[in-house]
Amino acid sequence: MVSLSGIGPQTLDRCADLAAALQSRRVPLSLLVVPRELATAQDWVRQRATLGDAVVLHGLGQRRLPAYEAGLLLTGARVQMDAIGLNVDTFAPRRCVASPGTLIALAKHKFKLCADAHAVRDVGTGLATLGRLHALTERSNFGELRSLALVYAAARSARRGGLTRITVDARDLHRAGARQAVLDAVDVALAHDAVPTTYVRLPSPRPAAVV
């Protein structure tokens, strides 16, 4: 599973380039969308959705965000998504952490899934499909070691038969080696018989005693 954030007019060329490279591998993207940041990139997101990519609402990264405030923010984001013709029931928090209040608000607003740093959670049942998110996130310290770490992590996860989750911020794709690191991680996962999917297509989570 590969997710892409940071989608907007300034990164659109990089987003399209990565999407094309993954499409040639028959790997769909989960597009982590902040509606107010899309602007002219919304047409591209709609097009990708028709080709099988998943659209996921992205935001609300505050660890202590209360349910009432989270609900207001979700309502506003959904209105914006509906206005540009994108319907979503899956959510991914910024900084990969959803506050307890955010989870309550997601359930109230009929979201189905929440994808955080450690699992993909069914908002209604609380069950989760475990799978750590592997990312190139440290912009101030990006280099060969970060690339190798991503590839090795993807290989280890896929070899064990678990949920292999790779994420990249489009704003990082201008860095030398970032795009190739993501593609290498995807290739090594595929070599270990990983089956490409998206958050939307993921089967219902299994019971987990500890999440």
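The values are calculated or read from the model by the stated rules, or taken from the named source; none is laboratory data. Just so it is clear, the model here is predicted, and its values are computed rather than measured. Glycine also receives a Cβ, built like all others from the backbone with ideal geometry; neighbour counts cover every protein chain displayed. Heads up: the accessible areas ignore ligands, DNA and RNA and are worked out on the full protein's heavy atoms, side chains in. Shrake-Rupley method; radii C 1.70, N 1.55, O 1.52, S 1.80 Å.
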Task: Meets criteria (of a type in the set (A, V, I, L, M, F, W, C), open to solvent by less than 50 Å² (accessible area, probe 1.4 Å), closer than 23 Å to Gly131 by Cβ and at pLDDT 90 or above) for Val45 - done: no
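Condition test on Leu4, is it surrounded by 15 or more Cβ atoms within 10 Å (Cβ to Cβ), of a type outside the set (D, E, K, R), in contact (Cβ under 8 Å) with a residue 40 or more places away in the chain and not in a loop (DSSP other than H, G, I, E, B)? Working first, answer last.
Numbers: surrounded by 15 or more Cβ atoms within 10 Å (Cβ to Cβ): yes; of a type outside the set (D, E, K, R): yes; in contact (Cβ under 8 Å) with a residue 40 or more places away in the chain: yes; not in a loop (DSSP other than H, G, I, E, B): yes.
Here the answer is yes, as Leu4 does meet what is asked.
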Just a yes or no: is a residue in region 140-149 at pLDDT 90 or above, surrounded by 17 or more Cβ atoms within 10 Å (Cβ to Cβ), out of contact with any Leu (no Cβ under 6 Å at 6 or more places or on another chain) and in a loop (DSSP other than H, G, I, E, B)? no
(1) modelled with pLDDT of 90 or more; (2) out of contact with any helix residue (DSSP H, G or I) (no Cβ under 8 Å at 6 or more places or on another chain); (3) among the charged types (D, E, K, R) all hold for Asp184 apart from (2)
Scanning region 10-42 residue by residue, the ones that are buried (at least 19 other Cβ atoms within 10 Å of the Cβ) and touching an Asp or Glu at 6+ places or on another chain (Cβ under 8 Å) total 5
Of the residues in region 97-106, those that are assigned to a loop (DSSP other than H, G, I, E, B), small (Gly, Ala, Ser) and surrounded by fewer than 21 Cβ atoms within 10 Å (Cβ to Cβ) come to Ser99
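Can you name the residue in region 107-129 that is among the aliphatic types (A, V, I, L, M) and touching a residue at least 40 places away in the same chain (Cβ under 8 Å) and, of all such residues, is surrounded by the most Cβ atoms within 10 Å (Cβ to Cβ)?
Going residue by residue through region 107-129, those that are among the aliphatic types (A, V, I, L, M) are 107, 113, 115, 117, 119-120, 123, 127-128.
Those still in the list that are touching a residue at least 40 places away in the same chain (Cβ under 8 Å) too: 113, 115, 119-120, 127-128.
Numbers: Leu113: 22, Ala115: 28, Ala119: 20, Val120: 22, Leu127: 16, Ala128: 21.
Going through the qualifying residues, I end up with Ala115.
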Within region 89-106, the residues that are free of Cβ contacts under 8 Å to residues at least 40 places away in the same chain and under 28 Å from Leu150 (Cα atoms) are Phe91, Pro93, Arg94, Arg95, Cys96, Val97, Ala98, Ser99
